[in-house]
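The values are calculated or read from the model by the stated rules, or taken from the named source; none is laboratory data. Remember, predicted model here, so these are calculated numbers, not experimental data. We place every Cβ from the backbone using ideal geometry, glycine too, and count neighbours over all the protein chains shown. Note: accessible area is taken over every heavy atom of the protein model, side chains too, but ligands, DNA and RNA are not part of it. Shrake-Rupley method; radii C 1.70, N 1.55, O 1.52, S 1.80 Å.
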Amino acid sequence: MTVRFAAGTAGAAALLVAALTAPAQAVTYGTPTIALSASYLSGAVGAVGDPVVNVTVGQSGADASALTVSASASSKASVAGTGDVSVTGAGAVRQLAVAARGRGYTNLTVKVSGLGGKTATRTLYYAASAAVQNPADARYLTGSADASAAVDVGGGYAVVADDESNVLRLYDRSRSGAPVKTWDFSSQLGVSKEVDIEGATRIGNTIYWTGSLGNNKDGEYKTPRNTVFTTTVSGSGSTAQLAYGRSYKKLREDLVAWDKANGNKYGFAVGTAAGEAPKQIDGFNVEGLEFAPGSTTTAYLGFRAPLAPVVPGGKALIVPVTNFDQVLASGAKATFGAGIELDLGGLSVRDLRKNAAGQYLILAGSWAADDNSDPYALYQWDGVPGHAPVKRADLPTTDPGGWEAIVEVPDLSVAGARVQLITDSGSADLYGDGGEAKDLTHAEWKKARAAWFTLG
């Protein structure tokens, strides 16, 4: 092809020739960017479905899919080495997972390799807890180690309380990881310290929550602990929302007055006295809350302490509050029925729940303060005073944390019924450093364990 230019266009011709013969312009690439969805990650040896970290990468002048993301152990490979880290996905967001090989802490270097030979790194701080029995049935709820009560809200989600704060957290029951939503009703409750939430139950769209009502571990009376309150549920599953309802802050005094009027049978006045620790056999500590059979007015308070009578090998104690709905609705002074004493093999009530069919499940454990290695068991009951509960399962005690909450009660008449329980792991040494989980600096390393058990 011959290209002809009109007269006077020599300059244009020269420009065209230069453009056609010039070498290709080199592309300039910027420094890659890398961001982690969390800088701290917790896992467990042998765990199934541990949490992952999203790694977001980019580079000016390059398509994100052309970038390479890798990770390597930069400190303690016995906890997790380079070969224990996997990165999946493509594009701007990748998923990083770690398969722990040992208990402890390690730092992982996460690297993005971009075009033009440029790289960028971030440090992921990783902690691994020990292997547990039946890891396939275990999930880890991160953000708090001190789970104390749980209520199912449908769609495979549950709201979980914490006895070290007033934060309620919404978790996916099937997955390990952080809560999808949180609520803190401290301001509505008019408290700045923990209520020490220990029990919960749901009637319709109302969830009832109770503090322990007892002294703190040093035997001091703290007003926030003498609190029962309600929240209202709207929606379900991941869309569930909680709204504050009402509270009552004199139930402890009502219980003491009732016991005094009945000859101090259960020693509530002594158990609540200054200097008395709540978690002793003659202490005062509520950990279970559930309504009586067929009732929306009478609620059962299950006691961790005292045992009844107050001697070793005594029976677990439940006290019916016969106007519990009005206590919360209008601030009415509580009235009580006769105490219910149950033989739980020397154990006391750690949680008390029922299903729609009126079948009760009691989570039984020690009254002692440091009881992670003491026996735990599940008992079935019909909720009728004078009827004996029946043991359905012994629970493992070698894993970290104490069993503390029943999420919901299955149909107990079905063979092989399974129930999900949650631990309070606040006093557990999760990572082998001698410290307690509740004192960990990073919330992502705090965790409670949810586990499924088949009832015998």
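Worth a mention:
- Spacing of the two label points (7 Å from each Cα toward its C-beta) at ALA35 and ASP411, in nm: 4.9
- Rounded, prolate or oblate (a/c below 1.5 giving rounded, otherwise prolate when a/b exceeds b/c) for the range 199-312 by Cα gyration tensor: prolate
- Computed FRET value (nearest 0.05) for VAL87 with THR454, which takes r as the C-beta separation and R₀ as 35 Å: 0.45
- Rounded if a/c under 1.5, otherwise prolate or oblate - the chain, Cα gyration tensor axes: prolate
- About the centre of its Cα atoms, the range 348-456 shows a dipole size close to 480 debye [charges on the beta carbon of Lys, Arg (+1) and Asp, Glu (-1) only; nearest 20 debye].
- Nearest 10 degrees, 0 to 90: helix 10-21 Cα axis against the chain principal axis: 50
- Principal-axis analysis of the Cα atoms of the chain puts helix 251-261 at an angle of about 20° to the longest axis.
- From the alpha carbon centroid of the range 225-255 to that of the range 88-149 is 35 Å.
- Simple rule: put +1 on each Lys or Arg Cβ and -1 on each Asp or Glu Cβ in the range 323-438, find the dipole, and look at ALA417, SER348, GLY386; the Cα lying farthest toward the positive end is GLY386.
- FRET efficiency, THR398 to ILE203 (Cβ-Cβ, R0 41 Å, nearest 0.05): 0.65
- Dipole moment magnitude, nearest 20 debye, the range 322-370 about Cα centre, only Lys, Arg, Asp, Glu C-beta charged: 180
- Backbone N atoms of the range 161-178 closer than 16 Å to the 7 Å Cα→Cβ label point of GLN188 belong to residues 161-162, 166-170.
- Under 24 Å from the Cα of LYS193 - lysines, other chains or at least 8 residues apart: LYS181, LYS217, LYS222, LYS249, LYS250, LYS279, LYS438, LYS446, LYS447
- Carbon + sulfur, % of accessible area of the chain - ligands and nucleic acids excluded, 1.4 Å: 52
- Each of VAL167, GLY116, GLY104 was placed along the dipole of the range 65-194 (beta-carbon charges, centred on the mean Cα), and the one lying farthest toward the positive end is GLY116.
- Each Cα pair under 8 Å and six or more residues apart adds its separation to the average, and for the chain the resulting relative contact order is 12 percent.
- Per-residue extension of 0.36 nm, minus the Cα-Cα distance of ALA357 and TYR105, leaves a gain of 86.1 nm for this segment.
- Gained length - VAL390 relative to VAL27, 0.36 nm times residue gap less alpha-carbon distance: 123.1 nm
- Cut-off of 10 Å, at most 12 other beta carbons, DSSP loop: longest stretch of the chain lacking such trypsin sites (Lys or Arg not before Pro): 218-456
- Gain on full stretching of the segment that runs from ALA332 to ALA257 - 0.36 nm per residue minus C-alpha separation: 25.5 nm
- Its Cα centre serving as origin, the chain has a Cβ charge dipole (Lys and Arg +1, Asp and Glu -1) of approximately 1360 debye.
- Charge context of ALA130, other residues only, Cβ under 10 angstrom, K/R +1, D/E -1: -1
- Applying a DSSP loop filter and a limit of 11 other Cβ atoms within 10 Å to the chymotrypsin sites (Phe, Trp or Tyr not before Pro) in the range 259-302 leaves nothing.
- Remark: the Cα gyration tensor places the range 262-360 in the oblate category, a/c being 1.5 or greater and a/b not exceeding b/c.
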